[in-house]
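Shown next, in structure tokens, is the structure this report addresses.
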Amino acid sequence: MRTIVLDTNCLLVSLPSQSPFHKIWTEILQGEICLCISNDILEEYEEIIALKTTAEIAKSVVKLILSLPNLKKVTPTYILNLITIDIDDNKFVDCAFCGEAEIIVSNDAHFNVLKNVSFPKLSVVTIQEFIASL
């Protein structure tokens, strides 16, 4: 089972059943993919889902995520500060590093800086690349 960190926008587009990326959400729910999160990521998920839908839907999604047996909840013990353009994105990097995630799934160009970092070596793929690998 692959362990991933899923950027918020990638989670959002994977939720609707008609989305071409819904297979990611389905595989998370079926236990095929291990989702690695931190409290900061979970809070962002809830905040952004509530903005795009409703607070009730956001709470339901978060509650469902927290109930998953294939959830890897991480309290980052290292703050790497590898992304300087948008420091808020570092929560995903720190979670991936501390949670030993194989992949960060993100379409955010700010993560491209990780391709030039020799340590820690973190793999970042777009949602299109990730869905093609499933």
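Any chance you could count how many residues in region 74-92 are buried (at least 16 other Cβ atoms within 10 Å of the Cβ), touching a residue at least 12 places away in the same chain (Cβ under 8 Å) and not aromatic (Phe, Trp, Tyr)?
The total comes to 7.
Please tell me if Lys63 is over 19 Å from Val13 (Cα atoms), part of a helix (DSSP H, G or I) and among the basic types (Lys, Arg).
In short, no.
Where residues in region 1-54 are of a type in the set (A, V, I, L, M, F, W, C), in contact with a strand residue (DSSP E or B) (Cβ under 8 Å, 6 or more places away or on another chain) and in a helix (DSSP H, G or I), which of them is nearest to Phe97 (Cα to Cα)?
Result: Ile41.
Checking Pro69 against (1) surrounded by fewer than 12 Cβ atoms within 10 Å (Cβ to Cβ); (2) assigned to a helix (DSSP H, G or I), only one condition comes out false. Which one?
In the conditions (1) surrounded by fewer than 12 Cβ atoms within 10 Å (Cβ to Cβ); (2) assigned to a helix (DSSP H, G or I), Pro69 misses (2) alone.
Assuming Cys95 fulfils every condition listed in (1) surrounded by 15 or more Cβ atoms within 10 Å (Cβ to Cβ); (2) modelled with pLDDT under 95; (3) not aliphatic (A, V, I, L, M) apart from one, which condition is it?
(2)
Suppose we filter region 93-131 for residues that are free of Cβ contacts under 8 Å to residues at least 60 places away in the same chain, within 14 Å of the chain's Cα centre (by Cα) and assigned to a loop (DSSP other than H, G, I, E, B); how many remain?
3
Can you confirm whether region 70-82 contains a residue that is within 16 Å of the chain's Cα centre (by Cα) and under 17 Å from Asn9 (Cα atoms)?
Checking region 70-82: not a single residue is within 16 Å of the chain's Cα centre (by Cα) and under 17 Å from Asn9 (Cα atoms).
The values are calculated or read from the model by the stated rules, or taken from the named source; none is laboratory data. Bear in mind the structure is a predicted one, so any value in this text is a computation, not a measurement. Heads up, the Cβs are rebuilt from the backbone with ideal geometry, glycines too, and the neighbour counts pull from every protein chain shown.
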